[in-house]
Structure formats: structure tokens, C-alpha cells
Amino acid sequence: MLHDTGKRYVPREVLDKPGPLLAHERQLVEAHAAVGATMLLQAGLHAEAAIVRNHHERWDGTGYPDRLRGDAIPLESRIILVADTFDAMTSDRPYRAAIPPALALAEIERVAGSQLDPSAAALVRDVV
């Protein structure tokens with residue numbers, strides 16, 4: 001996916017690590033948003049670069065890379081974060097098994113208004 005294009009520069013052993021990430025590994029993973037944005041800027045995709053850069057920003061300002069909050073986060077980035085969150089929870093990962101879609105929806109509803117834009121979070125129920 002275009003939003004995770006920067007992950008191609010994160011070592012596979014970090015992305016597939018079955019346990020908790022070390023601080024330097026977390027930095028590598030978190031850098032993928034900015035790296036992907038830089039790649040898109042170099043390709044002349046300026047609007048897309050802003051969306052990719054901000055797709056891990058959280059509604060309450062606790063995300064990365066710029067700790068943006070609320071409406072300062074591009075709407076497209078907020079929607080991608082909700083979709084990415086749902087996908088992450090409902091897909092098997094090296095560090096945990098997938099959860100059923102109903103549980104993922106409940107978790108998205110729980111964090112709407114803190115981690116996720118409540119309007120974007122409400123959209124996922126209509127799609128799933």
C-alpha cells in the first residue's frame with residue numbers, strides 16, 4: 001500500500017519480530033511514515049506525501065511523526081489510520097493472532113475521540 005511505502009527501508013526482521021520492539025527498532029518503524037513521504041515528494045506527489053507522512057498521527061496528538069492533533073491531521077490520513085488499525089487487528093501478526101472483526105470494531109469505537117477521529121471511526125462500521 002502507498003501509505004506504508006517507507007516500510008521497504010525497515011529491515012524485515014524488525015517488521016516480523018514476534019516480541020516487543022527495542023527502542024531503536026521502534027524508531028525504525030516509526031520513521032517509515034516520514035521516509036515514505038520523502039519518497040513521494042521526490043516523485044512529485046506532494047499531496048499524497050502529506051497524507052502518507054501523517055497516517056500515524058492520532059486524534060489526541062500522541063501519534064507520529066509530528067504529534068499533530070485533531071483537524072490539523074489531513075482527513076485522508078485520519079481515514080487511513082482507521083482502516084490501517086482495523087486491518088492490523090484483524091490480520092495475523094508475528095506477535096499476535098488476528099481478532100474477529102466485531103471485536104476490532106468495538107476497539108475502534110472505544111478509542112474514537114482519543115486515538116482516532118470519531119467521524120472517521122464511525123465510517124468503518126458502514127464499510128465492514
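Bear in mind that the values in this text are calculations on the coordinates, not laboratory data. From a predicted model like this one, the values you see are computed outputs, not experimental measurements. Positions of Cβ are backbone-derived with ideal geometry, glycine not excepted, and every protein chain shown enters the neighbour counts.
Data overview
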quantity	calculated
Filtered residues of region 59-115 (kept if polar (S, T, N, Q) and more than 23 Å from THR5 (Cα to Cα))	SER114
Residues of region 48-69 that turn out to be closer than 26 Å to ALA112 by Cβ and assigned to a helix (DSSP H, G or I), as a count	5
Count of residues meeting criterion [over 16 Å from ASP66 (Cβ atoms) and assigned to a helix (DSSP H, G or I)] in region 16-28	5
Residue selected from region 43-56 under the condition free of Cβ contacts under 8 Å to residues at least 12 places away in the same chain and in contact with a helix residue (DSSP H, G or I) (Cβ under 9 Å, 6 or more places away or on another chain), by the criterion surrounded by the most Cβ atoms within 10 Å (Cβ to Cβ)	LEU45
Residue within region 74-97 that is of a type in the set (Gly, Ala, Ser), surrounded by fewer than 12 Cβ atoms within 10 Å (Cβ to Cβ) and more than 24 Å from PRO18 (Cα to Cα) present	no
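Yes/no per residue for (1) of a type in the set (S, T, N, Q); (2) under 14 Å from the mean Cα position of the chain (by Cα):
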residue: LEU81; (1), (2): no, yes
residue: MET89; (1), (2): no, yes
residue: ARG93; (1), (2): no, no
residue: ALA102; (1), (2): no, no
residue: ALA106; (1), (2): no, no
residue: LEU116; (1), (2): no, yes
residue: SER119; (1), (2): yes, no
